[in-house]
Amino acid sequence: AQVPDSASLDFANTTFSIEMWFRRTGNFAVNYAYLISKGSQFALEFTSIDKINFDQDGSISAQSTTTFPSSDTTWHHVIVTHDPSAGQNNHIYIDGVDNTGTNNNNTFATNAVDLFIGRYALSSSSFGKGDYDDISIYNVALTPTQVSDHYTVGTTTHATSRLTQFSIGNSGNVY
């Protein structure tokens with residue numbers, strides 16, 4: 001899925017959060033499988049070692065401590081936050097819990113690239129094969145309490161069938 005570039009998506013060095021629910025529907029056939037990307041500005045991706053990276057221009061800003069094997073096809077809630085005024089300014093929350101391992105406090109820039117869900121913005125490959133739902137971008141860094149609350153509310157929704165989800169296949173097609 002593609003969202004046209006907008007000034008509201010250019011974070012420069014501002015505070016923001018990205019939230020989504022996802023579930024893998026198979027093994028990724030690439031080293032990096034992107035969940036969401038705005039080119040060199042930022043990306044949320046699975047690595048070849050099945051961890052989640054939040055990166056800026058190819059540099060890891062934060063990496064999760066949890067791995068997600070391809071056999072894990074349950075829904076997961078992910079929120080990444082960036083707050084340049086905080087000491088540890090990047091966080092990855094998985095299923096309501098701060099799961100940040102590596103944190104490099106990178107500075108984010110702007111660009112004129114569209115936002116892509118399920119693939120890397122500057123390539124027609126590196127698809128994050130799976131189902132996606134409830135994707136939100138905020139101009140604040142959600143607090144740990146807010147993250148936990150969002151997860152708790154979403155667990156009742158994602159325990160049943162989803163009506164609004166969409167899927168990304170091996171070729172990047174949206175279903």
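The values are calculated or read from the model by the stated rules, or taken from the named source; none is laboratory data. None of these values were measured; they are calculated from a predicted model. For neighbour counting, all protein chains shown are included, and Cβ atoms are generated from backbone atoms with ideal geometry for every residue, glycine included. The area values use the complete protein model at the heavy-atom level, side chains included, leaving out ligands, DNA and RNA. Shrake-Rupley method; radii C 1.70, N 1.55, O 1.52, S 1.80 Å.
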Worksheet item: Within the range 64-75, can you find the residues that are open to solvent by 20 Å² or more (accessible area, probe 1.4 Å) and either within 11 Å of Arg23 (Cβ to Cβ) or among the charged types (D, E, K, R) (or both)?
Response: Asp72, Thr73, Thr74, Trp75
Worksheet item: Is there a residue in the range 23-30 that is open to solvent by 10 Å² or more (accessible area, probe 1.4 Å) and at pLDDT 80 or above?
Response: yes
Item to complete: Look through Ile135, Ile49 and report the one residue that is within 20 Å of Phe22 (Cα to Cα), modelled with pLDDT under 85 and either touching a His at 6+ places or on another chain (Cβ under 9 Å) or open to solvent by 40 Å² or more (accessible area, probe 1.4 Å) (or both).
Response: Ile49
Worksheet, complete the sentence: Filtering the range 37-51 down to residues that are over 13 Å from Pro69 (Cβ atoms) and either in contact with a Phe, Trp or Tyr (Cβ under 7 Å, 6 or more places away or on another chain) or part of a strand (DSSP E or B) (or both) yields Ser37, Lys38, Ser40, Gln41, Phe42, Ala43, Leu44, Glu45
